[in-house]
Amino acid sequence: MAPDVVCSLLHIDAAGLIHPLGGPSLPEDYSRALDGVAIGPNVGSCGTAAFYGEPVLATDLETDPRWRPYKAMPLAIGLRACWSTPVKAKDGRVIATFAFYYREPRAPSNWHRRIVEACVNLGAFAIERKEARAEIARLAYHDILTGLPNRAQLRRLITTAIDACPTGSHVALAFLDVDHFKDVNDTLGHAAGDELLIQLAQRLREQIGPEDMLGRLGGDEFVILLPQRNAEGAERVLMARSPISWIGSRFIQATSFSFLLERSTRSAPASCSWKSSSTATPRSGCSTMDERANCTSTMPSRWRRQAHARFNRRPNA
């Protein structure tokens with residue numbers, strides 16, 4: 001419909017970073033150079049259009065100050081002008097930009113404006129639909145409150161960790177819950193309880209190691225997946241007192257002092273109980289590590305806090 005122009009569609013993520021979605025007539029190295037660039041008031045036509053939420057026209061890339069740090073590559077491939085229009089979601093967020101590049105210094109024609117108007121509307125619909133699908137997929141495997149992997153995702157992570165575990169090695173689980181959490185909900189309200197869980201999840205994130213994984217089973221129950229550790233190793237990690245341990249005294253402190261709950265304008269002293277499992281048979285009928293995790297999480301609290309078990313990966317399992 002417009003053979004005299006080169007089109008570009010860029011996605012703008014929640015952090016304000018650019019990601020190419022389409023631009024078949026643009027060289028691949030040019031598209032790669034755009035990936036991850038942050039939007040701003042002087043970031044070419046597209047980054048500036050996304051930043052202000054308004055169309056941006058640069059009739060001459062050679063002289064336009066917004067293009068000064070970025071003009072070398074487009075000029076090298078014969079592009080001289082760029083007109084970019086923001087693509088907005090229904091809530092007003094800028095989710096993309098749609099741009100026309102020209103091979104000579106110029107402004108868009110009325111025909112080009114009509115094309116862009118139609119493309120922007122179609123683009124907004126397509127991108128919002130894609131975002132909705134991605135959010136549905138995310139919610140299926142992540143806890144809504146804390147953003148952590150949920151029970152379904154933990155099951156997948158455990159299976160993956162077992163499959164990746166070398167023969168003779170182990171995978172351990174540490175279960176944590178908030179002592180007397182019901183009292184927080186009953187005295188301060190469920191909103192305060194939710195806020196406590198959010199803060200606790202953040203503190204736990206800050207303490208776990210780079211290869212370890214944190215998830216929420218539900219309620220006040222959290223799980224830490226510890227690859228390449230057996231029950232004794234998990235216990236040493238959890239009970240360590242060395243200040244250089246990733247979980248040890250820092251971990252105990254992180255889960256034992258008061259949480260400031262802004263919604264209730266009060267602080268809530270809290271502590272956590274932990275129990276670890278990488279066991280062979282914490283009770284009969286548990287044939288896989290995932291089942292053992294479920295068995296451990298449903299044990300009576302008094303027994304569960306002393307539950308340690310070991311899981312050996314069998315070569316043909």
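The values are calculated or read from the model by the stated rules, or taken from the named source; none is laboratory data. Predicted model, so just to flag it, every value in this text is computed and none were measured. Each accessible area value is taken on the protein alone, full model and side chains, heavy atoms only, with ligands, DNA and RNA left out. Shrake-Rupley method; radii C 1.70, N 1.55, O 1.52, S 1.80 Å.
Shape of region 1-119 from the C-alpha gyration tensor: rounded (a/c under 1.5, with a ≥ b ≥ c the square roots of its eigenvalues).
How would Thr159, Thr63, Thr85 line up by accessible area, probe 1.4 Å, largest first?
Heavy-atom accessible area, descending, gives Thr63, Thr159, Thr85.
Each residue of region 45-55 was assigned a 3J(HN,Hα) from its phi angle through the Karplus expression (A = 6.51, B = -1.76, C = 1.60, θ = phi - 60°), giving 8, 6, x, 6, 4, 5, 5, 8, x, 9, x Hz with x at Gly and Pro.
Would region 63-103 count as rounded, prolate or oblate if I go by the C-alpha gyration tensor, calling it rounded below 1.5 in a/c and otherwise prolate when a/b exceeds b/c, oblate otherwise?
It comes out prolate by the Cα gyration axes.
Across region 68-75, computed HN-Hα scalar couplings (Karplus, 6.51 cos²θ - 1.76 cosθ + 1.60, θ = phi - 60°) run 3, x, 10, 7, 4, 5, x, 5 Hz from first to last residue, x flagging Gly and Pro.
Distant-in-sequence amide contacts of Leu21, defined by a placed amide H-H separation under 5 Å and a gap of 5 or more residues or a different chain, comprise Leu9, Leu10, His11. Put simply, the amide H of Ser45, placed in the peptide plane, has no neighbours under 5 Å, leaving out anything fewer than 5 places away on its chain. Rolling a 1.4 Å probe over the heavy atoms of the protein chains gives region 82-168 an accessible area of 57 Å² per residue.
For the pair region 65-125 and region 139-208, the centres of their Cα atoms are 44 angstrom apart.
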